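Right, one structure below, let's go through it.
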Amino acid sequence: MKNKMTKYLFLVLPISLLAFFGLKSFSHTTESQTVAYTFAPDDLQPTATQKKVESMVTEILGSYHFRKVPLNDSLSSKILDNYIKELDFNKMNFTAQDIEGFDKYRYQLDDQLKAGDLTAAYQIYNVYRKRAKERFAFVTSILNNPIDFKVDEIYTPDREKASWVKSSTDLDDIWRKAIKSTLLDWKISGKADSLAKKDLTERYKRTEKYFDKTKSEDVFQQFMNSFTESVDPHTTYFIPKTASTFNQEMSQSFEGIGATLRNEGDYVQIVDLIVGGPAYRSKQLTPKDRIVAVAQGDDKPYQDIVGWFTDDAVKLIKGPKSTVVRLKILSADAPTGTVPKEVRLVREKIKLEEGTAKKEVLNFSRDGKDYKYGLITIPLFYRDFEGAKSGEQGYKSTTADVKRYLLELKVEKVDGVIVDLRNNGGGSLTEAVNLTGLFIPQGPVVQRKQSDGEISAEYDRDPSVTYDGPVSVLVNRFSASASEIFAGAIQDYKRGLIIGEQTYGKGTVQSLIDLERFLKGEPEGVGQLKITMEKFYRITGSSTQHKGVTPDVELPSTFSASEFGESSQPSALPWDMIASTKYTPSNNITQKEVEYLKGKSQGRLKTETDLKKLLTEIENYKKAKEKKSVSLQEEKRRKEIEEQKKKNIIEPTDELAGGEAKTEDTKSATPKEKVATDSTSIAIAKIKVLKEKHEKDTFLKETERILTDFITSPTSGVKVSQVEKKKE
């Protein structure tokens, strides 16, 4: 869950900070106070550039981070604990003796950070690397021996809060149980014992192989983020390759061949093709094809990429538009010994549609009357920064897409609009402000407070309103940052209803600094720093930090603030308030109406089948979370699994969390099959899939009911007449 959340939990202001910092360059002059330690020949070691970056990041954080946390022994201790947790969060590699050995660095990391000294970071990592290799050897020995599933013992998978074990013998027992647990689950699912052992052996061999390919820059990023996240959970250092991926995800576009790739064994495999992209149009590539070599242009030699990480392979495959890339491909169904075929592609700018806004029309009936609602789902507040900067016509942005959808929905005469921000972790501040402007006349949308105390406001300055009808905003615990700005403004202006769960509670603003501006000419690149330099506040003066946005109508939730959200982050900045700014509420929503809608929704919790089922699932899920161990005796484990099935326990990442229901769709077809299918059949299939998905989406169904309550409520005569007028 953590990985899922951290992908978009930021609100970034891409700015040029050369003038801001008053620095034209950065020179590394601090003398290193290196602790006596000698690296072995096969140890990973820091580079000269990394030492410079370490000092530079330390200086920037000390001077310009919003919090101004002093780099002292107290912070040094937190950094050490964070780093050890980052490396071995489940306490399955280090022993108590190892941890005791690292304690000599507890109050030295602050001095080393200032001095550009990475001794402790790499010494700790190299011990971790050695311990991991010992574990891989132990796994092999276990898998070469019989496993007895009749022994009555238990296994506790989550060891985050456990004590460090005293010896490698204790670790052996933990790993033995972990391996046995995996094999037992596979056995119960129907996999033969011999095949299960073979598959698990291959899994650990691959893991060991990838582990051996870890580079110095990967260690550096882990340590630097243990430092930055001790100051604030949203301040992050990106090594060059990670910075590139970050920028791609924020702009929702990149230049390449239009294929999604992943590692599969020793190969880089094609997972999916983007419809309309060069790879798709070539008709020579299909999912599960393996790329074995890459060449640039029409005359450069091939580079073999068997055994490469996907990230490294992507660097070769992606490139500027209009350039040529040649691939050697082993087809998915190629017999052993087949000679790879060659495919020539011309790179283009590919738009990533999966992360952009979508529009649908929902039909709802009650008491013999039909209602039609527009559903706009926004997974991320995206903006093609490069396209906007260069003045590119029609560059991709959230506001442009949603405005087009709203105009289309007005033509279709919908009775109301639902903006779905569930699982939207944030993105561009500009887009959050501009999107709000589509629903309100001009006015302030959010306030910002800088680290020096200066307060300003971001305004919608366009007096026009794209959509003035009934609107509801659907949120959940994983709606954060820019989502909270938009939802908070809609609520404060009393423009629409906020429905769902209390949001994440992230009220900080990050700026993206290209470190290349300060360290020029470094051969290996220096990366980027995402740093918290501001906090944002609602127009009422209340910060969304920790508190988030409380919905007008709250729906049942699985997640508590202590487990998920800003309040679960130990280093999160505190909540506070500033003065309210001047604004004029639209008063589309009155408190009397909110209370009426709350009562109607609460009543349905006792009568509607889907809501009653949801409450039961939440209760069962919470009880299941309390169980920390599983049986390793086959008969007992089978009973545990059967009991879970009877209680219909579902994962929080399914429809319980407001995500998409798991349904089959046309993505399972190969590109050739998609081409052969006529457009009418595809449209019908998509409508069927969407209908099935929405039927399983309890939050969305209840939002339709609430919106219908709103436009037909006794205190909403004007809205009722407007709806009736539309139907005439």
Within the range 612-668, take every residue that is of a type in the set (S, T, N, Q) and over 30 Å from D148 (Cβ atoms) and give me the one that is modelled with the highest pLDDT.
T616
Output the number of residues of the range 134-160 satisfying the condition of being aromatic (F, W, Y) and more than 12 Å from T182 (Cα to Cα).
2
Given the residues L519, L529, which is the only one that is in the same structural domain as M577 (by TED's automatic domain parsing), surrounded by fewer than 21 Cβ atoms within 10 Å (Cβ to Cβ) and in contact with a Phe, Trp or Tyr (Cβ under 7 Å, 6 or more places away or on another chain)?
L519
For the range 84-110, give me each residue that is surrounded by fewer than 19 Cβ atoms within 10 Å (Cβ to Cβ), more than 15 Å from V165 (Cα to Cα) and touching a Ser or Thr at 6+ places or on another chain (Cβ under 8 Å).
E86, R106, Y107, Q108
Cross-chain or 6+ apart pairs with Cβ under 9 Å, the range 697-714 first and without any contact (Cβ under 8 Å) to a residue 60 or more places away in the chain, then crowded, with 22+ Cβ neighbours inside 10 Å and not in a helix (DSSP H, G or I):
D697/G658
Looking for something buried (at least 17 other Cβ atoms within 10 Å of the Cβ), closer than 23 Å to I440 by Cβ and out of contact with any Leu (no Cβ under 8 Å at 6 or more places or on another chain) - is there at least one such residue anywhere in the range 589-596?
yes
Can you find even one residue in the range 442-459 that is more than 30 Å from H65 (Cα to Cα), of a type in the set (S, T, N, Q) and assigned to a loop (DSSP other than H, G, I, E, B)?
yes
Name the residue, out of T550, T558, that is in contact with a Pro (Cβ under 6 Å, 6 or more places away or on another chain) and either more than 24 Å from R67 (Cα to Cα) or outside the structural domain of A489 (by TED's automatic domain parsing) (or both).
T558
Which numbered condition E516 fails, given (1) over 22 Å from V414 (Cα atoms); (2) in a helix (DSSP H, G or I); (3) modelled with pLDDT of 95 or more:
(3)
The listed residue being in contact (Cβ under 8 Å) with a residue 12 or more places away in the chain and closer than 22 Å to I60 by Cβ, out of R538, R517
R517
Has the range 390-407 got any residue that is modelled with pLDDT of 85 or more, surrounded by 19 or more Cβ atoms within 10 Å (Cβ to Cβ) and of a type in the set (A, V, I, L, M)?
yes
Out of the residues in the range 602-614 that are within 14 Å of S557 (Cα to Cα) and touching a Lys or Arg at 6+ places or on another chain (Cβ under 9 Å), state the one that is surrounded by the most Cβ atoms within 10 Å (Cβ to Cβ).
L611
Among the residues listed as L71, L61, the single one being part of a loop (DSSP other than H, G, I, E, B), crowded, with 20+ Cβ neighbours inside 10 Å and at pLDDT 90 or above
L71
Which of the residues that make up the range 138-154 are part of a helix (DSSP H, G or I) and more than 36 Å from the chain's Cα centre (by Cα)?
S141
Sort out which residues of the range 156-200 are among the β-branched types (V, I, T) and over 30 Å from the mean Cα position of the chain (by Cα), and write them in order of number.
V165, T169, I174, I188
For the range 408-424, how many residues are surrounded by fewer than 22 Cβ atoms within 10 Å (Cβ to Cβ) and of a type in the set (K, R)?
2
Can you tell me which of (1) surrounded by fewer than 23 Cβ atoms within 10 Å (Cβ to Cβ); (2) part of a loop (DSSP other than H, G, I, E, B); (3) touching a residue at least 40 places away in the same chain (Cβ under 8 Å) is the one G505 doesn't meet?
(1)
Taking the conditions exactly as written (touching a residue at least 24 places away in the same chain (Cβ under 8 Å) and out of contact with any strand residue (DSSP E or B) (no Cβ under 9 Å at 6 or more places or on another chain)), does P556 satisfy them or not?
yes
Kindly establish whether S451 is under 19 Å from T544 (Cβ atoms), modelled with pLDDT under 95 and surrounded by fewer than 24 Cβ atoms within 10 Å (Cβ to Cβ).
yes
Would you mind telling me which numbered condition in (1) more than 30 Å from A48 (Cα to Cα); (2) part of a loop (DSSP other than H, G, I, E, B) I485 fails?
(2)
Pairs where the first residue, in the range 304-325, is assigned by TED's automatic domain parsing to the domain that holds T214 and the second is charged (D, E, K, R) and assigned to a helix (DSSP H, G or I), C-beta under 6 Å, 6+ apart:
none
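The values are calculated or read from the model by the stated rules, or taken from the named source; none is laboratory data. Computed from a prediction, not measured in an experiment: that's the story for all the values here. Don't worry about glycine lacking a Cβ; one is built from the backbone with ideal geometry, like all the others, and counts go over all protein chains shown.
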